[in-house]
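Take a look at the structure below.
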Amino acid sequence: MTLLVRGESLAASMSHYLIQQIEESPNIRVRARTVVEEAHGDGHLERLTLRDVDTGKTEQVDAQWVFVFIGAAPRTDWLDGTVLRDERGFILAGPDLTADGRPPGDWELDRPPYHLETNVPGVFVAGDARSESAKRVASAVGEGAMAVMLVHRYLEQS
């Protein structure tokens, strides 16, 4: 298996324990500064054209599957000034808003924020955009289900 990395290394976007597992796996090859330029096949994937980012050189390689991991940036800039975010841009919610034991300064309700509730009452976050989330699909799905339950609770009490 070959793992393509657009950047210099895996270190900028992957957990250290995963990097260690990849480095210890003899059947995984890592190619840094390489991108997929084209996909080729007749009814199914057969080949990829890869491009070396530094030299511009391309090559075709046989491939049957491609899995895409596009990064872990939260892309929450559009929420600036609306909900509180951590220094990396992930949205703060629930216990992360009350780390000092008090709700956020502009919190209007007599209760602390629910687990997935942001500093804006009734606005919830689930999945990868949430600060301190597990960054796993199963966790995001579970958080989404939990958020629905918390929205119902919020609406019942409003």
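The values are calculated or read from the model by the stated rules, or taken from the named source; none is laboratory data. Predicted model only: the values in this text are computed from it and were never measured. A quick note on method: Cβ atoms are made from the backbone with ideal geometry, for glycine too, and the neighbour counts reach across all protein chains shown.
Details
- Residue in region 130-146 that is surrounded by fewer than 11 Cβ atoms within 10 Å (Cβ to Cβ) and closer than 29 Å to A11 by Cα present: yes
- Within the set R6, R47, R85, the sole residue that is assigned by TED's automatic domain parsing to the domain that holds R153, in contact with a strand residue (DSSP E or B) (Cβ under 8 Å, 6 or more places away or on another chain) and surrounded by 14 or more Cβ atoms within 10 Å (Cβ to Cβ) turns out to be R85.
- Test: G94 is on the phi > 0 side of the Ramachandran plot and either touching a helix residue (DSSP H, G or I) at 6+ places or on another chain (Cβ under 7 Å) or among the basic types (K, R) (or both): no
- Every residue from region 133-158 that is assigned to a loop (DSSP other than H, G, I, E, B), touching a residue at least 40 places away in the same chain (Cβ under 8 Å) and out of contact with any helix residue (DSSP H, G or I) (no Cβ under 6 Å at 6 or more places or on another chain): S133
- P104 passes every criterion in (1) of a type outside the set (S, T, N, Q); (2) outside any loop (DSSP other than H, G, I, E, B); (3) touching a helix residue (DSSP H, G or I) at 6+ places or on another chain (Cβ under 6 Å) apart from (2).
- Close pairs (8 angstrom Cβ cut-off, 6 or more residues apart or separate chains): surrounded by fewer than 10 Cβ atoms within 10 Å (Cβ to Cβ) in region 89-114, assigned to a loop (DSSP other than H, G, I, E, B) anywhere: D106/N119; E108/P121
- Only residues that are farther than 30 Å from G89 by Cα, in a loop (DSSP other than H, G, I, E, B) and in contact with a strand residue (DSSP E or B) (Cβ under 9 Å, 6 or more places away or on another chain) were counted in region 62-72, giving 1.
- Hits in region 98-110 - residues which are closer than 21 Å to S158 by Cα and hydrophobic (A, V, I, L, M, F, W, C): W107, L109
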